[in-house]
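Only the coordinates and a few stated rules stand behind these numbers; no lab work does. Being a predicted model, the structure only gives us computed values, none of them experimental. Note that each Cβ is placed from the backbone with ideal geometry, even for glycine, and that neighbours are counted across all protein chains shown.
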Amino acid sequence: MSICKGCGTEIDWVRMKSGKAMPINPEPVFVAEGGNQVFITDEGDTITGTATEINTGTVAFVPHWATCPAYKSFKRK
């Protein structure tokens with residue numbers, strides 16, 4: 001695990017299919033079809049859907065930029 005330099009929260013990393021590392025929130029979530037939120041799978045795939053409390057659907061992770069209050073300071077120009 002790492003610590004986000006912007007907000008101090010613990011983060012994990014997933015290697016995307018492109019080879020780049022994506023910072024993610026370490027808690028997995030269940031993703032149901034039919035939404036427009038972005039999630040990252042353990043395999044490095046990007047999927048869209050809606051986070052759900054129900055233990056069904058695909059297990060994935062929230063990209064850290066979606067919850068980090070300092071994400072704009074890391075955005076490439």
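The table below lists the values:
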read-out	value
Under 13 Å, Cβ to Cβ, from Ile47 - net charge with Lys/Arg +1 and Asp/Glu -1	-3
Net charge over other residues, Cβ less than 12 angstrom from the Cβ of Cys4 (K, R count +1; D, E count -1)	-1
Convex hull volume of the chain per residue (C-alpha atoms, cubic angstrom)	102 Å³
Karplus-derived HN-Hα couplings along the stretch 16-21 (A = 6.51, B = -1.76, C = 1.60, θ = phi - 60°), whole Hz, x at Gly and Pro	6, 4, 6, x, 7, 8
Listed residue (Pro63, Cys7, Gly34) projecting farthest to the positive dipole end of the chain, Cβ model	Cys7
Relative contact order %, the chain, counting alpha carbon pairs below 8 Å whose residues are six or more apart	29 percent
